[in-house]
Amino acid sequence: MSGRIRSFDLARGLAILCVVVMHNTLVETYTPTAIWVGSLLHNMGTVGVPIFFFLAGYFSAFDEQQSLWIFMWRKVIRVLMPAWLWTIAFWILLGLTGTERDLDPRELPSRLLWLSNPSQYYYVFVLMSLYPVSYWARRLPLRICGRLALSMLTINMVVIAAYEVAIWCAEARGLPADPLYRNPLAWAGFFFYGLYVAHADRTLSDGVFGWISRYRATATLAAALLWMLSSAETYVLFPRQAPGGQDYFKLASFGYALIALHLVLLAARWLDQHELFIRPLTLLAEYAFFIYLIHLPLVPKIVTALTDRTILATMLLPKMLLSITLCLAIPILSAFLFRLAFSHLAMPRKIGRAFGVPI
């Protein structure tokens, strides 16, 4: 598959915006009203990561590498290597500044293996677990590929249902919440659905996309109802601080994400056709992975330093808007300055790519 599809770039830009909004809500809350507003904003953004997994599965179908080793090596260089390098960088930085425990070399191998800190890097671990299967699955006949996607979506729902029982029923000791939350099966459905769509409906105009395009109002209403239900559940679960309890691991939020994924991709195509918001969204798409890599935990530390001992420290909405703005601006500005300084030098360009800078 040659060339870029601009509507997918727009969808990627919308997805990273959703991720940043989600990561900047329910962080500091002081009143029930703030928790409710944060729950609404947070759950609206939960469609972001499923879009990225869908697109990863979609484009893996068109990778022309014949060798599994070359296929995986490219993923290691482009996806895993930047996560490893930033894991090491943040381990050193946060250790030296006293933000976390003193530097302990025994912790680093575990962080690199499981990509557990920063916490959002575990999605890279999940993605790298799914890529080898996609290398095999992309060669399957369409019917079998469809059954695989449906099976993965079903398994996805079962894992989420088990997790939801675990966080609602504290006495359900037989259902360990953390292993259910941190495993590839909880994301495989979106990835393999993208792989299937790449074969069955490359232009996103038939099948489920065609149905949702024809019945947009019904689909939007269903997504809105599931979003409200998921937000209400987040509001109730918030005091428990269950791992992932504020994120995707509710059946309502899974249903919302599945419908909203189609709506966002169709909306991106509409924006592309009408030439709306092209430049800002393609800019976000270009820097999406770099934003993902460094916006946590870097930006919250900066925001805390800027607002500590000021009136903004207790003003939830202005502080949240400042944090969202900096989460987008700091990675883009730093990557732009790197590109500007080293755009004509081969070695710094390679170093920049290794750290996820889009060069």
Highest-MSF residue in the chain out of D272, D206, D104 [GNM, Cα springs under 10 Å]: D104
By counting other Cβ atoms within 10 Å of each Cβ, how are C327, C169 ranked from fewest to most? C169, C327
Pop out the ³J(HN,Hα) list for region 296-305 in order, Karplus 6.51 cos²θ - 1.76 cosθ + 1.60 with θ = phi - 60°, rounded to Hz; leave Gly and Pro as x. 10, x, 5, 5, x, 5, 5, 4, 4, 5
Y131: net charge of surrounding residues, Cβ under 13 Å, Lys/Arg +1, Asp/Glu -1, itself excluded? +3
For each of E64, E233, count neighbouring Cβ atoms within 10 Å of the residue's Cβ, then give the residues from fewest to most. E64, E233
HN-Hα J couplings of region 60-71 from phi, Karplus 6.51/-1.76/1.60, θ = phi - 60°, integer Hz, Gly and Pro as x? 5, 5, 9, 5, 8, 5, 8, 9, 4, 5, 5, 4
For the chain, what is the relative contact order in percent, using Cα pairs closer than 8 Å and at least 6 residues apart in sequence? 28
Surrounding net charge for Y196, when Lys and Arg each add one and Asp and Glu each subtract one, Cβ distance under 15 Å: +3
Rounded to whole Å and sorted largest first, what semi-axes of the equivalent ellipsoid does the C-alpha gyration tensor of region 38-153 yield via the square root of 5 times each eigenvalue? 32, 20, 11
In the Gaussian network model of the chain, springs joining C-alpha atoms below 10 Å, which of L265, L337, L85 carries the largest mean-square fluctuation? L337
What is the fewest-to-most order of T307, T234 by other Cβ atoms lying within 10 Å of their Cβ? T307, T234
Between [x] 27, 62, 11, 0; [y] 20, 31, 23, 21, 5, 0; [z] 23, 29, 20, 14, 8, 5, 1, which entry matches P(r) over Cα pairs in 20 Å bins from 0, in percent as derived from the coordinates of this structure? [x]
11 Å beta-carbon shell around L326, net charge (K/R +1, D/E -1): +2
Amide proton proximity set for E107, modelled H, under 5 Å, gap of 5+: none
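Values in this text are rule-based calculations from the coordinates and carry no lab data. Note that the coordinates shown come from a computational prediction; the quantities given were computed from them, not determined experimentally. Note: ideal-geometry Cβ built from the backbone for every residue, glycine included; neighbour counts use all protein chains shown.
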